Protein chains: 2
Amino acid sequence: MSSPQVHIYKVAMTCEGCSGAVQRVLNKLKDKGVQDISIDLPAQRVQVKTTLSSEEILDVIKKTGKQTEFVETL
Amino acid sequence: MSSPQVHIYKVAMTCEGCSGAVQRVLNKLKDKGVQDISIDLPAQRVQVKTTLSSEEILDVIKKTGKQTEFVETL
């Protein structure tokens, strides 16, 4: 089990329906390695504390259909 | 190859970012049985002409994280 890291993504979100959708798909991974999710709608930033890789999380966020890019791992 | 049907879904969409996300995930199936997509944002309705089953399309829309329910097949 690797120790958790915090990955940050830029996600095109324009309303609370958008950010809620991202929150929901990430919430589904709460038992599978996602420990904490923080979404800043005005800043278009999604921060995920997780033992999963940045690529795995990116793929999950992309499934929402939102334009998404990886920014950095803290 | 079954002939296409039109399935209708109610999808919680509150802005054009929401409807754009639904459009994008369905567009990815354009070579895999989805023939036409029509989204009515104010009415919260998504209409899909496809050879895929209503369940298959429902699963794809749900992956967006939007609250979604099947309404009817025309």
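Restricted to Cα atoms, region A:5-73 shows a radius of gyration and a Dmax of 10.5, 28 angstrom. Using the Cβ-Cβ distance between B:Lys28 and B:Leu74 with R0 set to 25 Å, the FRET efficiency from 1/(1 + (r/R0)^6) comes to roughly 0.60. Based on Cα contacts under 8 Å between residues 6+ apart, region B:5-73 shows a relative contact order of 48 percent. The C-alpha atoms of chain A define a longest principal axis, and helix A:16-27 lies at about 20 degrees to it. Shown in residue order for region A:3-8 are the 3J(HN,Hα) couplings computed by the Karplus curve 6.51 cos²θ - 1.76 cosθ + 1.60 at θ = phi - 60°: 7, x, 10, 10, 9, 10 Hz (x for Gly and Pro). Shortest first, B:Thr73 label-point distances to identical copies amount to 4.5 nm, with the label point at 7 Å from Cα along Cα→Cβ.
Here's the picture: charge each Lys and Arg Cβ at +1 and each Asp and Glu Cβ at -1 in chain B, and of B:Pro4, B:Ala21, B:Ile37 the one pushed furthest to the positive end of that dipole is B:Ala21.
Could you compute the net charge surrounding B:Lys30? Neighbours are other residues with a C-beta less than 15 Å from the C-beta of B:Lys30; K and R count +1, D and E count -1. The answer is +1.
Cα gyration tensor of the protein assembly as shown, axes a ≥ b ≥ c as square roots of the eigenvalues: rounded (a/c below 1.5), prolate (a/b > b/c) or oblate? Here the protein assembly as shown falls in the prolate category. Taking amide H atoms as placed 1.01 Å from N in the peptide plane, the amide H of B:Val71 lies under 5 Å from those of B:Ile8, B:Tyr9, B:Lys10, each 5 or more residues away in sequence or on another chain. Label-to-label distances for A:Lys32 across copies, nearest first, come out at 1.6 nm, using points 7 Å from Cα in the beta-carbon direction. Ignoring lysines fewer than eight residues from B:Lys49 along the same chain, the ones with Cα atoms less than 28 angstrom from its Cα are A:Lys62, A:Lys63, A:Lys66, B:Lys10, B:Lys28, B:Lys30, B:Lys32, B:Lys62, B:Lys63, B:Lys66. Placing a label point 7 Å from the Cα of B:Arg45 along the Cα-to-Cβ direction, the distances to the matching points in the other copies come to 4.2 nm, shortest first.
Just so you know, all these numbers are worked out from the coordinates, no wet-lab data involved. Treat the numbers as computed from the prediction; the structure is a model and nothing was measured. Quick reminder, even Gly has a Cβ in these numbers, built from the backbone with ideal geometry, and neighbours come from all protein chains shown.
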